[in-house]
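Peer 1: The structure follows.
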Amino acid sequence: IGLQTISAKWQHLQPRPEDNTAMARHVLAIDQGTTSTRSIIFDADLTPIASAQQEFPQHFPHEGHVEHAPADLWRTVRETIHQAMNNADLAASDIAAIGITNQRETTLLWDRRTGAPLAPAIVWQDRRTAETCAAMRAAGHEALITSRTGLLLDPYFSATKLAWLIDTIPGARERAVRGDLAFGTVDTFLVWKLTDGRAHVTDATNAARTMLFDIHRQRWDDDLLAVFDIPRAVLPQVHDTNANFGTTARDVLGAEIPIRAVAGDQQAAAMGQACFALGETKATFGTGAFILSHTGTTAVTSQNRLLTTVAARIDGQTTYALEGSIFVAGAAAQWLRDNLGIIAAADEIDVLAIEADANDPTDGDVFFVPAFTGLGAPHWDPEARGAIFGLTRATGRADLARAALESVALQTADLMRAITADHAASDATGAISAPVLRVDGGMVASDWTMQRLADLLDAPVDRPAYLETTALGVAWLAGAGVGLYPGPTEFAANWRAERQFTPMRATAWRDQRFAGWNDAVARVRSQTQTGQGGPTA
């Protein structure tokens, strides 16, 4: 249903007169993530020909607070663009279009006149507004929020972050009411900088993550603005995912280049994985992990505490997805490297997991619940904290590495079971027959993790030939908008898997792993409920 709908809409989309693809035959994808920024240049065949990547600092000023310096976001975008163009030996005039994909929910507030941010960006992982969310839930606001936005009341999303900025920065509320301030998620901030302040815009996929946007009527919601006490004057204009978001200022990149696609990173990855049809599902493993399952033109209400979100809005046609969010995936490996020092590089963790299997093929009883910033779906427990269970004198670094990787697969399996149940319960979608999970992101390079995931899911896991599907999705969308790339049907037909991982374990083994995992999660959550905080071991 979704693919047919999008394809029908696509037939009458034509390049705009200002799109000069006669000479410019490349597309620039800007992928601004939680820990790094990447710029990738694709040629006329949608083949990546050059890229550049930079990490930037993470700031943790207080427990539960996670921040980025806006200057770092913009600096790494600007520098990686120029590095990628230099690597490809291209000038800005060779770029036909730009696509932007971004970490979602991260919240910025800046001065409209000067462009200067009023505070650090509050990252999606930040939990500083957990008490605010609890108070609002107790006041009975969550039902309205969920019915309009498809989201649960949680500090993960932008609304309480924005309210916190407006209420804690001296004079900010008065300036916001006057229209002197601009709010944006990272996409909005980058478009503002690229266009030299001429465009204050976002797309429907990013707007849908703010907790202020009615995903059914596709507009900012006055009732929600009142609930969160957010002045409408700070909000950006919401465009289709494949709209013309503005043109880069000549003195910023050296040429006026149309920005022809903007999408939140998880929606861009779903497009890059060609998940356009009903029931097609992808999982992206980065700092966190996020699963999107396409539900066509129907916004399916979850019965299992998943999110209902916008998959894309193409030429005014909105499609939807069910989403499950895992707050810590690749961040678990980073923790082993940066905090414990038991690995020097992230790719060592795979070797250690294999070593643990060789030493103890029964998989052991060590379970790691990486709730560093709370638990995401389906628990939504912002106060939970990480714990490792089953430690003995024989436990070594290989066992910890294996438990960290397995925690990602176990969390993913929890979400896939919830997604499968939601599809089965929906009259609009129905049960998914023979589900296959398409995976992408940095962690999918780990064969051990992908095999463990297939074993726990008892279903195939497809790893694509090109792993940077987030950048690929937004590059394809931007290039298609200027007539450089084909529509979704041909794009989907060209998708290829590099490897399929198939289940190799018995049901009894799967039941044993889930029993240990469920017990560990219950222990973590019991500490939250008794007000003692999450245990560590």
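The values are calculated or read from the model by the stated rules, or taken from the named source; none is laboratory data. Since the structure is predicted, the reported quantities are computational estimates derived from the model, not experimental observations. Ideal geometry is used to build each Cβ from the backbone, glycine not excepted, and the neighbour counts take in all protein chains shown. When the accessible area is computed, the model is the full protein with side chains, heavy atoms only, and any ligands, DNA or RNA have been set aside. Shrake-Rupley method; radii C 1.70, N 1.55, O 1.52, S 1.80 Å.
Peer 1: Along its principal axes, what span do the Cα atoms of segment 367-464 show, with the longest given first and each in whole Å?
Peer 2: Extents along the principal axes, in whole Å: 51, 32, 22.
Peer 1: How many times 2.2 N^0.38 Å is the alpha carbon radius of gyration of segment 347-393?
Peer 2: This ratio for segment 347-393 stands at 1.45.
Peer 1: In whole Hz, what ³J(HN,Hα) sequence does segment 354-360 give by Karplus (6.51, -1.76, 1.60; θ = phi - 60°), x for Gly and Pro?
Peer 2: These are the phi-based 3J(HN,Hα) values: 5, 5, 4, 4, 5, 6, 8 Hz.
Peer 1: Also: Hey, what does the equivalent ellipsoid look like for the chain, semi-axes from the Cα gyration tensor as sqrt of 5 times each eigenvalue, largest first, whole Å? Mind dumping the intermediate values first?
Peer 2: Numbers: eigenvalues 238, 150, 107 Å².
Over the Cα atoms of the chain, the ellipsoid semi-axes are 34, 27, 23 Å.
Peer 1: Expected output is a single nm value to one decimal: the length gained when fully extending between Asn87 and Ala445, i.e. 0.36 nm times separation in residues minus the C-alpha distance. What is it?
Peer 2: Working: separation 358, 0.36 × 358 = 128.88 nm, distance 2.46 nm.
Net length gain for the segment: 126.4 nm.
Peer 1: Order these peptides, 272-281, 202-211, by their mean beta-carbon neighbour count within 10 angstrom, highest first.
Peer 2: 202-211, 272-281
Peer 1: Within 10 Å, count the other beta carbons around each residue, average over each peptide in 488-494, 316-322, and list them highest first.
Peer 2: 316-322, 488-494
Peer 1: For segment 160-296, I need the span (max minus min coordinate) of the C-alpha atoms along each principal axis, in Å, sorted largest to smallest.
Peer 2: 47, 42, 30
Peer 1: Give the angle, between 0 and 90 degrees and rounded to the nearest 10, that separates the Cα long axis of helix 507-529 from the longest principal axis of the Cα atoms of the chain.
Peer 2: Taking the Cα atoms of the chain, the angle to 507-529 is about 80 degrees.
Peer 1: Throw me the Rg/Rh for segment 205-272, computed over C-alpha atoms with Kirkwood Rh, two decimals.
Peer 2: Radius of gyration relative to Kirkwood radius: 1.06.
Peer 1: Continuing with this model, one more query. Rank by packing, highest mean first: peptides 334-347, 28-41, with packing defined as the count of other Cβ atoms within 10 Å averaged across residues.
Peer 2: Peptide ranking by packing, descending: 28-41, 334-347.
Peer 1: Sorted by accessible area with a 1.4 angstrom probe, largest first, how do Asp399, Asp251 fall?
Peer 2: Result, largest first: Asp251, Asp399.
Peer 1: Quick query: amide H of Ala387 versus all other amide H atoms, modeled in the peptide plane; which residues come in under 5 Å with a sequence gap of 5 or more or a different chain?
Peer 2: Val369, Ala371
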